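Take a look at the structure set out below.
The values are calculated or read from the model by the stated rules, or taken from the named source; none is laboratory data. Note that the coordinates shown come from a computational prediction; the quantities given were computed from them, not determined experimentally. Cβ atoms come from the backbone with ideal geometry, glycine included; neighbour counts cover every protein chain shown.
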Amino acid sequence: MIATWIRQNRGFLLFMLLLGLFRTAVADWNPIPSGSMHPGLLEGDVVFVNRLAYNVKLPLTDWVLAHTGEPRRGDIVTFFSPTDGRRLIKRIMALPGDTIQMRGRQLLLNGQPAQYRFEGLAPASAEEGARIAIRLRESLGSAGHEIQWIGDRGNAPDFGPLTVPADHYLMLGDNRDDSADSRYFGLVERRSLIGRAERILVSAAIMDRWQPRFIRFGAPLR
């Protein structure tokens, strides 16, 4: 009976096997379930993840066969949480050998303070009546990107100075006052990296009956 079912569904089973091999070794997609990466990524976005950006892994496993590239400061990456193994998406803010700290919401990298440029005010989330967020352009060395602070919150937790050891990375969410990141779960090992998120595939407004946000389709991540 099982053999008959396999013969009748061998095309579907082959497709699922190939899809699994592709998703675990070459490329993947990742839905965004929370607002920890506002303002660049929104709830309802689905991002394309390049699994070959840093490592070649044995399909259907997390065994690293070879390195294909080096993570860079500012990359948005998916990885497994060092505390519970959940799949997360954050931005790399410190590389091996970097010394980083946060004082009163300001980052300092290797003794140099990040620069901030005010970009405007916006709702902190997609929810009706959301708190107001302060949006800024943060420049840290050669990397620059948008972040947000939530105006009615206290300062984000201070940390450091911390020197990042070999094969580890410090991750932060762009929504600095509403992100569970390396300030809470610590540094992330290279072997835990899944891939680099490169662009938004599709997007839908989850608070507006899942209406497509066509303007975000295919948008590159910065």
Practice prompt. Starting from residues that are surrounded by fewer than 13 Cβ atoms within 10 Å (Cβ to Cβ) and more than 15 Å from the chain's Cα centre (by Cα), keep the ones in the stretch 14-42 and report whichever is modelled with the lowest pLDDT.
Written response: F15
Worksheet item: What are the residues in the stretch 74-130 that are outside any strand (DSSP E or B), surrounded by 14 or more Cβ atoms within 10 Å (Cβ to Cβ) and of a type in the set (K, R), if any?
Response: R105
Worksheet item: Looking at the stretch 183-196, is at least one residue over 14 Å from L95 (Cα atoms), among the aromatic types (F, W, Y) and in a loop (DSSP other than H, G, I, E, B)?
Response: no
Worksheet item: Do we find a residue being loosely packed, with under 15 Cβ neighbours inside 10 Å and either at pLDDT below 95 or not charged (D, E, K, R) (or both) anywhere in the stretch 170-179?
Response: no
Practice prompt. Within the stretch 43-69, work out how many residues are buried (at least 20 other Cβ atoms within 10 Å of the Cβ) and either modelled with pLDDT of 90 or more or touching a Cys at 6+ places or on another chain (Cβ under 6 Å) (or both).
Written response: 6
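For L88, indicate whether it is in contact (Cβ under 8 Å) with a residue 24 or more places away in the chain and within 20 Å of the chain's Cα centre (by Cα). Talk me through it step by step, then tell me what you get.
On the way: in contact (Cβ under 8 Å) with a residue 24 or more places away in the chain: yes; within 20 Å of the chain's Cα centre (by Cα): yes.
For L88, the condition - in contact (Cβ under 8 Å) with a residue 24 or more places away in the chain and within 20 Å of the chain's Cα centre (by Cα) - is met.
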